């Protein structure tokens, strides 16, 4: 019962730490009860299969954490309008399993090498796992620990140096220090050691916060310019309206929304993810012939100097198997198509510029490891209004330039805004402000759209770029380079948000170096594994000599 309670305490602390409803400071010791559970079961319990007990309890902890923080996935609907139980069960069970495996590896290593080396391994393997979770085809970094402070930008200004992954490192080491302090005191009952360890832990947690608060209140980076942006929020129900109304009606409504809120000159009109064409998609070889896109150009002709950036659904046909993209699939004999979730920049008398979303939602926009999973799961893969095939992607980020001013827009599409290093690539391409085009309406009034908005603040701090966020049903927002929401909309409103966005061209240390502590952790992980193997070989050689 003691170990079960410790597990539940960790699950509770992890859950109540999370944005957008929790208090993140619990995260500094949220894993301590779980570490105490592992130590108690390993050293003091009478269980015959201790590893299985530890795995089972840790899995329970992570399942509870995943359900509480991402249970909003249940709000996704099946095509018939019913809730999709599979949409929440699969990610919760699989993600929890991955975390439990990570914790189990820590348990094995600690048993083999001792507590001190084991705790170092715990930090290293967790950091490696988070990096892995950012890059594989089942990527789901929603619960990466560094995300937890997204609602408290004043204490994480140092993310412009080490990023959200630096936050994960900070949290993990803090938990290890607190656990170590408890264990040392339990073993020796020496007050002096307790005071020293508490002091070290307090400094480690407190110093970054103090530095951050100073930076927050003294941040005065001078912009290179300012632009007027209008963020469009059409509030189309993706289940009932978006894919049932004709494209011209959707385009007319969007342009009317833009016109009604154009009280002064607008430099950028920004519309949400796949705002056009609604039903169907644009052929990328016929952008210039599209009635919808030409109507947008006609609108812009009445607003000289304005640019229209929007999310669109697009496709490209292929009539030969030569150089056929791997995501293309055959429509008819001799005809293949590759589909995209795209962002376009529209300017009168110029060709439409396009960028294809690079980070795809597993099970919705990409069929993860199709050759393996499709024979097993078939049509049971997630279908949240997207596809059970895989969309095409761009290998590199882009920045769209505005010929009428200094603006260089980063066309970030929805899920991409969770990824720190990935977003930094837009800045390396010259983007001086970030535009997030998203459609969070699939999950209704839940924590999903709130958390995704909250995570955008991390990208603002990491890159020191202001963010103009256009969301289909909201929340659309203007976010400062300090990670503050300056203006926003109500979820569900059909409206537009005007923002004066500052442009910055300075590259932060994080933009230049990326996830530095993650790379250090990968090196440490390799060293610890190598050290383990060397000690095993040495032990075997000594036994042979005896």
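Side notes on the structure shown:
- All strands (runs of 3 or more DSSP E) inside segment 258-377 with 2 or more residues being touching a residue at least 40 places away in the same chain (Cβ under 8 Å) and either more than 30 Å from residue 407 (Cβ to Cβ) or in the same structural domain as residue 467 (by TED's automatic domain parsing) (or both): 268-270, 307-318, 335-346, 353-356
- The residues of segment 312-327 that are in contact with a helix residue (DSSP H, G or I) (Cβ under 8 Å, 6 or more places away or on another chain) and surrounded by 23 or more Cβ atoms within 10 Å (Cβ to Cβ) amount to a single one, 314.
- Residue within segment 235-244 that is within 15 Å of residue 307 (Cα to Cα) and either assigned to a loop (DSSP other than H, G, I, E, B) or in contact (Cβ under 8 Å) with a residue 24 or more places away in the chain (or both) present: no
- Meets criteria (modelled with pLDDT of 90 or more, touching a strand residue (DSSP E or B) at 6+ places or on another chain (Cβ under 9 Å) and in the same structural domain as residue 130 (by TED's automatic domain parsing)) for residue 91: yes
- Residue within segment 196-207 that is in contact (Cβ under 8 Å) with a residue 60 or more places away in the chain, assigned by TED's automatic domain parsing to the domain that holds residue 24 and surrounded by 14 or more Cβ atoms within 10 Å (Cβ to Cβ) present: yes
- Residue in segment 170-180 that is outside the structural domain of residue 462 (by TED's automatic domain parsing), part of a helix (DSSP H, G or I) and closer than 30 Å to residue 409 by Cβ present: no
- Residue within segment 503-511 that is closer than 30 Å to residue 82 by Cα and out of contact with any helix residue (DSSP H, G or I) (no Cβ under 6 Å at 6 or more places or on another chain) present: no
- Any strands (runs of 3 or more DSSP E) falling wholly within segment 415-510 and containing at least 2 residues that are surrounded by fewer than 24 Cβ atoms within 10 Å (Cβ to Cβ): 477-479, 485-488, 495-503
- Of residues in segment 49-60 being closer than 12 Å to residue 104 by Cβ and in contact with a helix residue (DSSP H, G or I) (Cβ under 7 Å, 6 or more places away or on another chain), the one surrounded by the most Cβ atoms within 10 Å (Cβ to Cβ): 54
- Considering the conditions (1) surrounded by fewer than 21 Cβ atoms within 10 Å (Cβ to Cβ); (2) under 19 Å from the mean Cα position of the chain (by Cα); (3) within 30 Å of residue 240 (Cβ to Cβ), residue 94 is excluded by exactly one of them, (3).
- Residue check for residue 85: over 19 Å from the mean Cα position of the chain (by Cα), outside the structural domain of residue 237 (by TED's automatic domain parsing) and either under 18 Å from residue 27 (Cα atoms) or free of Cβ contacts under 8 Å to residues at least 24 places away in the same chain (or both): yes
- Segment 193-245, residues that are modelled with pLDDT under 95 and within 30 Å of residue 279 (Cα to Cα): 235, 236, 237, 238, 239, 240, 241, 242, 243, 244, 245
The values are calculated or read from the model by the stated rules, or taken from the named source; none is laboratory data. The shown structure was predicted, so the numbers you read here are calculated from the model rather than taken from an experiment. Because the Cβ atoms are built from the backbone with ideal geometry, glycine has one as well, and the counts that use them run over all protein chains shown.
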